1. Rounded, prolate or oblate, given the Cα gyration tensor of segment 21-78, with a/c below 1.5 counting as rounded?
2. Tally Lys/Arg at +1 and Asp/Glu at -1 over every other residue whose Cβ is under 12 Å from the Cβ of residue 45; what's the total?
3. Determine the alpha carbon to alpha carbon distance for each of 95/128; 95/198; 93/198 and list only those over 25 Å.
4. Taking the Cβ of residue 89 as the center, what net charge do the other residues with Cβ under 15 Å away carry, scoring Lys and Arg +1 and Asp and Glu -1?
5. Taking Cα pairs under 8 Å and at least six residues apart, what relative contact order does the chain come out at, in percent?
6. Which of rounded, prolate or oblate describes segment 37-137 when judged by the alpha-carbon gyration tensor and an a/c cut-off of 1.5?
7. Only helical DSSP H runs with n ≥ 4 go in: add -39500 (n - 2.57) per run for the chain, normalise by residue count and round the 222 nm mean residue ellipticity to 500 deg cm²/dmol.
8. Please turn the phi angles of segment 211-222 into ³J(HN,Hα) values with the Karplus equation 6.51 cos²θ - 1.76 cosθ + 1.60 (θ = phi - 60°), one per residue in order, whole Hz, x for glycine and proline.
Amino acid sequence: MAEGPGTLKTAADTRRIIRSLARQHPNADTELHSRNAFELLVATILSAQSTDERVNMVTPALFARYPDAAALARASTGELEPLILSTGFFRQKSKALLGMARQLVDRHGGTVPADMALLTELPGVGRKTANVVLGHALGVPGLPVDRHVLRVSNRIGIAKGDDPERVERQLCAALPASMWTRASDVQILHGRRICRPKPLCDRCSVRTDCEYYREVITTGRPEGRPLRSKKGTAGRPEGRPLRSKKRIAGR
């Protein structure tokens with residue numbers, strides 16, 4: 001098994017680990033409620049700096065009033081902002097939603113394009129949002145990387161780095177396209193339920209594969225700290241002599 005600081009696990013190990021997580025979380029899926037690609041795109045934009053639960057409380061009334069891109073494109077910020085207020089950053093989100101809807105109408109006939117490049121040209125749509133819509137509503141393989149995927153993949157050792165696009169490339173290179181969306185879903189749910197900032201390792205199905213569990217949890221040392229020297233000199237600046245036990249006269 002390929003492991004160690006800076007070394008990714010093999011593609012075979014990565015596939016095995018994702019399958020194990022999928023067995024632990026068999027119903028993993030996006031938790032945003034939607035009936036089509038347009039609704040999922042709107043909901044995903046609203047989910048930034050918010051929770052899926054909060055977004056799901058807001059979208060029924062929003063979609064009843066604006067069921068498609070053409071209807072939303074005719075709205076004003078004054079009409080839209082009160083409906084999305086509770087999701088946070090409502091002014092920026094309002095502008096993004098209206099810009100997105102108008103661009104869908106002007107350039108794509110009101111239809112959400114099944115293409116990464118075209119999606120990321122829309123206001124408020126980055127790679128993560130595009131991947132969510134592609135993988136969950138348009139049948140195009142996509143691997144959204146959020147904070148949960150970053151945490152889980154780095155801790156286990158199936159990806160390295162804090163840049164979402166880099167982690168996306170690493171995971172996609174190790175997995176067949178048919179596993180991309182599933183790999184994101186199971187890691188997001190694992191990050192929410194098990195591999196939290198303070199992890200519940202005793203409930204984790206892949207802890208024997210996990211570098212974080214081996215290097216941090218089982219040793220009891222703080223994350224990112226070197227192992228303590230057996231001589232008790234850990235933490236002493238390099239090259240600094242041990243303090244003499246004798247007191248210097250006059251001090």
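Every number here is computed from the coordinates shown, using simple stated rules; none is lab data. All figures in this text were calculated on a predicted structure; none of them were measured in a lab. Reconstructed Cβ throughout: ideal geometry from the backbone, glycine too, with neighbour counts over all protein chains shown.
1. Prolate.
2. +2
3. 95/198; 93/198, as the Cα separations exceed 25 Å there.
4. Summing Lys/Arg as +1 and Asp/Glu as -1 gives +3.
5. Computed value for the chain: 20 percent relative contact order.
6. It is oblate, given that a/c is not under 1.5 and a/b is not larger than b/c.
7. -14500 deg cm²/dmol
8. 5, 4, 4, 6, 8, 10, 5, 6, 8, x, 8, x
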